[in-house]
1. Which pairs have Cβ atoms under 6 Å, sit 6 or more apart or on different chains, and link a residue in region 107-128 that is under 15 Å from residue 86 (Cβ atoms) to one that is assigned to a loop (DSSP other than H, G, I, E, B)?
2. Counting just the residues of region 108-128 that are surrounded by 11 or more Cβ atoms within 10 Å (Cβ to Cβ) and within 27 Å of residue 16 (Cβ to Cβ), which one comes out modelled with the lowest pLDDT?
3. Condition check: in contact with a strand residue (DSSP E or B) (Cβ under 9 Å, 6 or more places away or on another chain), closer than 30 Å to residue 90 by Cα and either surrounded by 12 or more Cβ atoms within 10 Å (Cβ to Cβ) or at pLDDT below 95 (or both). Does residue 42 satisfy that?
4. Being assigned to a strand (DSSP E or B) and exposed (fewer than 13 other Cβ atoms within 10 Å of the Cβ) is the filter here; which residues of region 64-87 pass it?
5. Restricting to region 50-66, name every residue that is farther than 18 Å from residue 106 by Cα, within 14 Å of the chain's Cα centre (by Cα) and touching a residue at least 12 places away in the same chain (Cβ under 8 Å).
6. Against the condition more than 14 Å from the chain's Cα centre (by Cα), part of a strand (DSSP E or B) and modelled with pLDDT of 90 or more, how does residue 47 come out, does it pass?
């Protein structure tokens, strides 16, 4: 056997030290919600609609890949972004939602989970 590029096992990620200001803002049980006027290209034309961004800190169950109802030794905090776009093409309405989960407990910046849902007159699609 030949091993190439396997110099050593990487060190485990370090715990992230969150500032008191960050914790005060994001760990208070509320969400940050913003709404925008949307211009979306679809079928060769610009469509008008609405985009909404929702940021919230949640406790996350990694094995189940879902929000935890309460904090426990099995959970860790994530910053979740739900991003939605809604617009009409003239034929039927579109609704697109992306959910991204970023862990807050370790220094590495990795995406814990990503999900995309698209719904229109032709049907539904879900990508995880």
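1. 120/92; 121/92
2. Restricting attention to region 108-128, the residues satisfying the condition of being surrounded by 11 or more Cβ atoms within 10 Å (Cβ to Cβ) are 112-120, 125.
Right, trim to within 27 Å of residue 16 (Cβ to Cβ) and you get 112-116.
On the way: 112: 89, 113: 92, 114: 92, 115: 94, 116: 94.
Checking each candidate, the answer is 112.
3. So residue 42 fits the description; yes.
4. Passing the criteria: only 66.
5. So in region 50-66, the residues farther than 18 Å from residue 106 by Cα come out as 50-55, 64, 66.
Those left that are additionally within 14 Å of the chain's Cα centre (by Cα): 52-55, 66.
Selection gives 52, 53, 54, 55.
6. Yes: the conditions hold for residue 47.
The values are calculated or read from the model by the stated rules, or taken from the named source; none is laboratory data. All figures in this text were calculated on a predicted structure; none of them were measured in a lab. Cβ: placed from backbone, ideal geometry, glycine included. Neighbour counts: every protein chain shown.
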